[in-house]
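This report concerns only the one structure given below.
No lab work stands behind these numbers, since they all come straight from the coordinates. The model shown is predicted, which means the values in this text are computed figures rather than measured ones. Virtual Cβ from ideal backbone geometry, glycine too; neighbours counted across all protein chains shown.
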Amino acid sequence: MKTVVMTGIAFIASAGAAFAADAGPVVVPGPFEAPPAYPAVVNPGPFDAPPAFPQSRLYDWTGFYLGLNGGGAFNSIKWFSVPDGIGGTQSAASGLIGGTAGYNLQANDPVVVGFEGDIDWSSLQRTVSPPTCLAGCQLALPWLATARLRIGYAFGRFLPYVTGGIALGNMQANVVGDPFGAQTGRNLGWTAGAGLEYVISGPLRAKIEYLHVDLNGFNCGTSCSAVGGPVSFNLYSNIVRVGLNYRLWMQ
């Protein structure tokens, strides 16, 4: 009987060792070390509650990251010429490309809260032609920046999120061919949207994102009218872009 019991104990111990080897390395960060990145095995302590479901491989989203992004904007430009008393709406598509920086914080649950900022070069240029400006009044947006909060819910490697914050755009307007140059204004507005980020491997992640941007009003005076009256512009953009982020804080 004793031989049977000892044989059973040896079998259970060897099976447990084999199971642990198959499960992957156990990562136990110290108090001053970065949290583990994918893959890792999380084992509860002797006084911790067991996980609600098996957690064989987890990705911790906490950490700083840098990235690149690019995409397109579908813009709606509302304009009104005060001297003429008329206005209208113009549509224009444009490209965007730039850089991103951010930070994520994930507590002991799937909720991820973060902050993200970016600045993009923009190709937007559009001309409107009120009667007092027969050559045309051209609006351009050389660059666009946003600073946003992000709130997401992690499903392992996937992080769907919503985002919102402020937008800053460098709007320029002038009469086409006017030697006196352009009138420039840095407009502060708002932005909101949603996205999905995915862990490709280790520190490298990819994302796709939608943002709606409202840059409020911009008035162009003598640079936009032969009689010196202002032409006002309101710019609204629907942006779809993709990006690559690289996490800096790694185990």
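Numbers at a glance
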{"item": "Proportion of all alpha-carbon pairs of the range 63-247 beyond 24 Å (%)", "result": "43 percent"}
{"item": "Around L196: net Lys/Arg minus Asp/Glu count, Cβ-Cβ under 13 Å", "result": "+3"}
{"item": "Net charge over other residues, Cβ less than 15 angstrom from the Cβ of G87 (K, R count +1; D, E count -1)", "result": "+1"}
{"item": "Exposure proxy ranking, count of Cβ atoms within 10 Å, fewest first, for L66, L235", "result": "L66, L235"}
{"item": "Order of D109, D84, D118 - criterion: other Cβ atoms within 10 Å of each residue's Cβ, fewest first", "result": "D109, D84, D118"}
{"item": "Stretch gain in nm, segment K78-L105, where the contour uses 0.36 nm per residue and the Cα spacing is subtracted", "result": "5.8 nm"}
